[in-house]
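Structure, as structure tokens:
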Amino acid sequence: MVNESEQPFGVRPALLLSLILCCAFTISSRAQSLSLAGDWQFQIDRNDAGIQESWFNKKLSDNIKLPGSMLTNGKGDEVTIKTKWTGSIYDSSWFFNPRMEKYRQPGNLKFPFWLTPGKYYVGPAWYQKEVTIPASFAGKQVELFLERCHTETMVWVDGKEAGMQNSLVAPHVYDLTASLTPGKHVITIRIDNRIKAINVGPDSHSLTDHTQGNWNGVIGRIALDAKPRVFIQNVQVYPDVAKKQALVVVTVKGTVGGDCKLTLAASAFNSKTPHRVPAVNESFPLVDSVATQQLTLPMTGKVQLWDEFNPTLYKLLVTLQAPNGQKQQKEVTFGMRSFKIVGTGFTINDRPVFLRGTVNNCEFPLTGFPPMDEAGWEQQFKTAKAHGLNHMRFHSWCPPEAAFKAADKTGFYLQPEGPGWVNHGTSLGDGRPVDRYMYEETNRMADWYGNYASFCMEAPGGNEPAGRNQVKFLTEFIHYWQAKDKRRVYTGASVGNSWPLVPENEYMVKAGARGLSWVNAAPESNSDYRETVQKFNVPYVVHEMGQWCVFPDFNEIPRFNGVYKEKNFELFREVLAEHGMADKERSFLMASGKLQALCYKNEIEKALRTPGLAGFQLLGLQDFPGQGTALVGMLNALWQNKPYVTPKEIKRYCNAVVPLTRMPKFVYSNDEKLTAQVELYNYGSGSLKNAVINWMIKDSTGKELAGGAFDKKDYGIGNCLPVGSVEFDLSKITEPMQLNLDISVAGTSYGNDWNVWVFPNVRADHALKSDIYFCDTLDEKAISVFKNGGTVFLQAAGKIVKGKEVVNYFTPVFWNTSWFKMRPPHTLGIYCNPNHPAFAAFPATYHSDLQWWDVVNKAQVMHLEDFPRGFQPVLQPIDTWFLNRKLALLLEARVGRGKLLLCSVDMKNLENRPAASQLLYSLTKYVNSPAFNPTTSVDLKTVQALFSEPSRETWDGHTKDSPDELKPKLN
């Protein structure tokens, strides 16, 4: 429907001129329509009195520009601590924490849990415009077209009510034929963005303040469209790739009975190879007011198919000749494609396809709503493709038509959802009004966007619904759509691991087959998710994979120069400065970012190694600005690159073709052999014929140590395709060293690589100074050594009290510590100066990399809240940005006349721990050298407090619920 545009009528030049002179609206060159974009009268109805007081009969007192929202026009109320948001606030400690009091003051409001809008308003608002209807509209069907309203609209013409509509997914279209005669009229629209009887859930991304915001307005095309009394109401195209034809279903509506004629003509429009399809004609009688005709369009043997690699599209021109001789034309865009399920995988045109996706949560901070133009969406899809992706899931919302158009042109597979996260105060399948609404909304999605080739998948039940009867409801929902429209495949809802199974799902979007086991096992690349996936006999797409956090990039703040501001980032930056670490913001970003990218690489590769897996959906490629501030993206919420990783780097391990390895570990002793089984993931446009795959091992200087090529052979489409094995004797590596294993497909840009670390199994002894005291407790002897000017190397693993509450893993924070109320881990990796002399005999990197795993994972941290403000740890865990505590795993200081090297890393039981052994060796060598000369003095009592006093600054939720006055009224 919206993807159908009417062809021009023969408007006489004189009439056209008179219309321009008599009204301020434009007449489309492609359809007889009056644009209503521009200035409107406006008034906020805070007391919901407008209907009772007949505001549709009065002139409104304010002005506004449409398309747009109240927020983009600066309308609404000032944001205050009592603003009643649309969304769950799971960590409401900000409202009670004394440390946050200054951020609760007028003029300095800084919410940590999402972005801050310039204004805010939830309730009814009125919009009004005087229009002049031209004489050429007489005798025609006249419709008011309102694209993307939020949410419920009511319309009056000259004070007479014309109806009410409520849709989050499709245009609101009103038949105003009886009301709009030629001449002047006043159109009044009441828009209400409250959650009322129909409750899709306050956290649904179709309306929540966690992402786009609960705006009020109309953001797309606004027009009056004039159509003949007999007109094409709807065109649906059902491609049949196997038969090289398309079934075209045309619905004609009108009030003039008699014989009608339909003509179909189609041609490819974005392909280098021209293809014009033979025209099809059919006559039929229009007896009732509505007639539906089915026509077969033969695409011939020259048909060009649509997929991610060659997104060829056709324009179908439908011409209707009415009984009275009038003609109308509509243009529909479609692609010839077949998206099906075969076994536990998907196929596109009978070729296997693997979905590499990300979740779109409607994050558009500059406007607060999604782009309504193709260019904005094309940029997003092209950015996603530049990172190796081919798929996007729209979490609990459906994008506007422009997104489908752009996805069709760029070749992207979409999964929109029914516009509900029907949870958190509402439920699905329990007889509430939302049950029927989800049926209505998904029907509107099919009517308006069903022809788009990119619309391949759908979760009509949205995301993670609540409800005792949700399984029964979703089962019936799936059956309904299976019977009605087979152009796409269906899953009841996208769900986490604890949601009940819906057996009738055609495919699963489910958690479970995700994550890394690095908390309890050393990193390796042998494992995959087959144990989880093989339990299902339908395609398994991983739900919200990733969620690895990174420290905030405070350089983003000025870029958020639209209707939403990063006041949360301002708060986090100020808290960092209060803890004396303002100079570390860039270092923390870069170090935590490297760890985040490492985790994404290993998790994505684990998915690509999994036999039988159908795809994954990242959460996410981009940051999520709400739910406590979830900095999970390698792009920010504006879809801009972050400085620690490039699209090219990501595309090496996330692409249509990716070399993969299965290695038992990444850290070796030099009395071992590096072994790797090489395999290929190939979901490109076809088989790789006579492919040569090369391998090379380099040292840290880039010098090639070994290399070779595997036998030339063909590789079909699929994953786990065996290539060969690499074996390299490490005995000649006598110093601690990082190596790099690179695998590439000759003659292509496809390649991937892995860092591995080698440590000597035998280390040279060195003489120890007699005045160095090695201990694991700050005992009386250690104190005596300090007094006498000696050196203490204190290995205090398990003995620290101040900081004991901080849980430190090698992997970073999951989603964020606010949303999950400080669920561990609490840190974002480590930061250090790799050139510090303490690491002279250890291959340190300034960020967490796999050689650090044995050192850092589960290591007890020290909370340096009593240390001098400018004190710099040698090895520093990066704390969650909500607290920004100064933490340490390794520090050095002058204590009285003596010197201290204090380490809380476990340095005992070092058998089969080459990295930890090497670090201990390096630290011992350092403390025994002239280079060990700490410059910062710390009072002995401050050091003692680490072993005896708990932290004063700790996280306190203060409450388990949102403040009562901020809770939304739910239905």
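The values are calculated or read from the model by the stated rules, or taken from the named source; none is laboratory data. Being a predicted model, the structure only gives us computed values, none of them experimental. We place every Cβ from the backbone using ideal geometry, glycine too, and count neighbours over all the protein chains shown.
Details
- When the residues of region 842-860 are filtered to those that are small (Gly, Ala, Ser) and more than 17 Å from Leu910 (Cα to Cα), the one that is farthest from the chain's Cα centre (by Cα) is Ala844.
- Note on region 102-163: enclosed strands (runs of 3 or more DSSP E) holding 3 or more residues that are farther than 25 Å from Lys253 by Cα are 124-133.
- Lys302 vs. criteria of a type in the set (Lys, Arg) and without any contact (Cβ under 8 Å) to a residue 40 or more places away in the chain: yes
- None of Lys821, Lys858 is assigned to a loop (DSSP other than H, G, I, E, B) and at pLDDT 95 or above except Lys858.
- With respect to the conditions (1) more than 32 Å from the chain's Cα centre (by Cα); (2) over 23 Å from Tyr449 (Cβ atoms), Gln294 falls short on a single one, namely (2).
- Evaluation of Gly220 against (1) assigned by TED's automatic domain parsing to the domain that holds Pro323; (2) touching a Lys or Arg at 6+ places or on another chain (Cβ under 9 Å) (one fails), failing number: (1)
- Among the conditions (1) surrounded by fewer than 14 Cβ atoms within 10 Å (Cβ to Cβ); (2) outside any strand (DSSP E or B), the only one that Arg194 does not satisfy is (1).
- Contacts under 7 angstrom Cβ, first residue in region 468-495 being assigned by TED's automatic domain parsing to the domain that holds Arg432, partner surrounded by fewer than 16 Cβ atoms within 10 Å (Cβ to Cβ) and among the hydrophobic types (A, V, I, L, M, F, W, C), 6 or more apart: Val489/Ile341
- From Glu605, Glu585, Glu544, residue being part of a strand (DSSP E or B), more than 25 Å from Lys119 (Cα to Cα) and touching a residue at least 24 places away in the same chain (Cβ under 8 Å): Glu544
- Which listed residue, of Pro834, Pro843, is in a loop (DSSP other than H, G, I, E, B), surrounded by fewer than 16 Cβ atoms within 10 Å (Cβ to Cβ) and at pLDDT 95 or above: Pro834
- Scanning region 534-546 for residues that are surrounded by fewer than 23 Cβ atoms within 10 Å (Cβ to Cβ) and either among the hydrophobic types (A, V, I, L, M, F, W, C) or more than 30 Å from Val342 (Cα to Cα) (or both) yields Phe536, Val538.
For every residue, the table says whether it meets (1) touching a Ser or Thr at 6+ places or on another chain (Cβ under 6 Å); (2) within 16 Å of Leu940 (Cα to Cα).
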| residue | (1), (2) |
| --- | --- |
| Ser848 | no, no |
| Trp852 | no, no |
| Asn857 | no, no |
| His863 | yes, yes |
| Phe871 | yes, yes |
| Pro877 | yes, no |
| Ala888 | no, no |
| Leu901 | no, yes |
| Met907 | no, no |
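- Scanning region 799-818 for residues that are small (Gly, Ala, Ser) and either assigned by TED's automatic domain parsing to the domain that holds Gln547 or modelled with pLDDT of 95 or more (or both) returns a single hit, Gly803.
- Spans of strands (runs of 3 or more DSSP E) in region 645-742 with at least 1 residues at pLDDT 95 or above and of a type in the set (Asp, Glu): 673-682, 704-709, 713-715, 718-729
- Sole residue being without any contact (Cβ under 8 Å) to a residue 40 or more places away in the chain and not acidic (Asp, Glu), chosen from Ala709, Ala746: Ala709
- Of all residues in region 290-306, those being over 20 Å from Asn349 (Cα atoms) and either in contact with a Lys or Arg (Cβ under 6 Å, 6 or more places away or on another chain) or loosely packed, with under 12 Cβ neighbours inside 10 Å (or both) number 2.
- Residues of region 931-971 satisfying the condition of being exposed (fewer than 12 other Cβ atoms within 10 Å of the Cβ), modelled with pLDDT under 80 and part of a helix (DSSP H, G or I): Asp964, Glu965
- Looking only at region 421-446, and only at residues there that are in a helix (DSSP H, G or I) and of a type in the set (A, V, I, L, M), the one that is nearest to Arg337 (Cα to Cα): Ala446
- Hey, Ala893 at pLDDT 95 or above and closer than 26 Å to Trp853 by Cβ or not: no
- Strands (runs of 3 or more DSSP E) enclosed by region 314-420 - at least 1 residues per element that are among the aromatic types (Phe, Trp, Tyr): 314-321, 327-334, 339-342, 345-348, 391-394, 413-415
- Candidates Phe284, Phe334, Phe309, filtered to the one that is of a type in the set (A, V, I, L, M, F, W, C) and surrounded by 21 or more Cβ atoms within 10 Å (Cβ to Cβ): Phe334
- Across region 789-806, not a single residue is classified as without any contact (Cβ under 8 Å) to a residue 60 or more places away in the chain, among the β-branched types (Val, Ile, Thr), assigned to a loop (DSSP other than H, G, I, E, B) and surrounded by fewer than 23 Cβ atoms within 10 Å (Cβ to Cβ).
- Strands (runs of 3 or more DSSP E) wholly inside region 201-275 containing at least 2 residues that are touching a residue at least 24 places away in the same chain (Cβ under 8 Å) and within 31 Å of the chain's Cα centre (by Cα): 230-240
- Residues satisfying the stated conditions in region 359-405, i.e. buried (at least 24 other Cβ atoms within 10 Å of the Cβ) and among the hydroxyl-bearing types (Ser, Thr, Tyr): Ser396
- Leading residue by the ranking (surrounded by the fewest Cβ atoms within 10 Å (Cβ to Cβ)) among those in region 447-496 that are touching a Lys or Arg at 6+ places or on another chain (Cβ under 6 Å) and outside any strand (DSSP E or B): Cys456
- Candidates Gly562, Gly626, filtered to the one that is buried (at least 21 other Cβ atoms within 10 Å of the Cβ) and either in a strand (DSSP E or B) or out of contact with any helix residue (DSSP H, G or I) (no Cβ under 6 Å at 6 or more places or on another chain) (or both): Gly626
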